[in-house]
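Bear in mind that the values in this text are calculations on the coordinates, not laboratory data. Only a predicted model underlies this, so the values are computations on that prediction, with no experimental measurement involved. Cβ coordinates were reconstructed from backbone atoms using ideal geometry, including for glycine residues, and neighbour counts include every protein chain displayed.
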Amino acid sequence: MIKMDRNIKVVSFDFDGTLVDHSFMEAFWNEVMPKVYADEKGMGLKEAMAYVFAEYDRIGRFDLRWYLPSFWIKHFGLKASVDELLLRSEEKLRVYPDVQEALKELRSLGFAMVVISSAPKELIEFGVKRIGDFFRAVLSSVSDYGLIRKLPNFYLHVCNRLGVKPYEVVHIGDDYIYDYSVPKSLGIEALLIRREGGFDKEFVIKDLRDLKTRLIRH
């Protein structure tokens with residue numbers, strides 16, 4: 001078992017796929033957005049979905065605007081606000097069952113906790129408020145720094161914002177490249193969460209409650 005450096009001060013979490021499952025994001029973009037468009041424009045849902053998805057593809061994931069709800073509301077000429085869309089997506093917000101207990105344990109051990117993600121900040125903050133008051137900061141690569149991925153400069157921005165060195169941070173997420181390889185290359189301790197199993201490596205955990213034993217200060 002890997003034991004983390006005793007200098008760890010901050011535990012950083014990815015959001016989508018780490019603290020909550022993918023249902024919330026999928027509902028916001030693929031169900032609620034086209035449904036609101038259909039309702040406001042007076043067209044069938046199938047037609048609205050075809051148009052909305054075609055516009056998603058046309059703008060493309062390499063364009064920062066693709067990630068910003070405010071851009072799409074303006075682009076589609078919607079009267080609904082981001083907050084309204086979030087509320088209509090809320091029923092699909094599912095916090096993983098290990099999250100609350102793990103966060104309480106880490107807080108009791110004195111670790112500062114943050115959420116960092118490439119999701120838009122409005123969606124992260126909406127979800128985080130429903131998890132609880134555990135986090136020192138919520139940072140979005142797209143909303144706060146104009147970066148569409150969690151690349152090295154994003155992690156360095158995060159460290160600077162928090163006033164810590166990379167070796168004082170451990171990051172947990174579900175993406176091998178952006179949650180493990182990238183932070184690891186900077187000297188940040190990194191772990192992958194794989195609740196479904198099937199990836200038996202020493203840097204993989206299957207339950208966030210396992211973090212307590214990984215973060216032993218010695």
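A few comments on the model shown:
- Each residue, THR213 and ASP83, gets one label point 7 Å from its Cα in the Cβ direction; the gap between the two is 4.5 nm.
- The overall shape of the range 58-186 is oblate: from the C-alpha gyration tensor, with semi-axes ordered a ≥ b ≥ c, the ratio a/c is 1.5 or greater and a/b is no larger than b/c.
- Along its three principal directions, the equivalent ellipsoid of the chain from the Cα gyration tensor extends over semi-axes of 34, 17, 15 Å, largest first.
- A simple spin-label model places pseudo-atoms 7 Å from Cα toward Cβ; at ASN153 and SER181 they are separated by 2.0 nm.
- Centroid-to-centroid separation of the range 180-209 and the range 7-29 [C-alpha atoms, Å]: 14
- Loop-resident sites, the range 131-218, for chymotrypsin sites (Phe, Trp or Tyr not before Pro), counting at most 16 other Cβ within 10 Å (DSSP): PHE199, PHE203
- Net length available on complete extension from SER70 to GLN100 is 7.8 nm, with 0.36 nm assigned per residue and the Cα-Cα distance removed.
- Relative to the Cα centre, the charge distribution of the chain, modelled as +1 at Lys and Arg Cβ and -1 at Asp and Glu Cβ, gives a dipole magnitude of about 640 debye.
- When the C-alpha to C-alpha distance is required to be over 19 Å, the pairs from LYS150/LYS184; LYS9/LYS212; LYS41/LYS74; LYS35/LYS74; LYS41/LYS92 that qualify are LYS41/LYS92.
- Of all DSSP beta bridges confined to the chain, the antiparallel ones make up roughly 5%.
- Placing unit charges on the Cβ atoms of the charged side chains and taking the dipole of the range 23-92 about its Cα centre, the candidate lying farthest along the positive direction among SER81, PHE28, TYR67 is TYR67.
- Dividing the summed helix terms, -39500 (n - 2.57) for each DSSP H run of n ≥ 4, by the number of residues in the chain produces a 222 nm estimate of -11000 deg cm²/dmol to the nearest 500.
- Partner aspartates and glutamates whose Cα lies under 19 Å from the Cα of LYS46, excluding those fewer than 8 positions away in the same chain, are identified as GLU26, GLU31, GLU55, ASP57.
- Computed lengthening from ASP39 to LYS201, 0.36 nm per intervening residue step minus Cα-Cα distance: 53.5 nm
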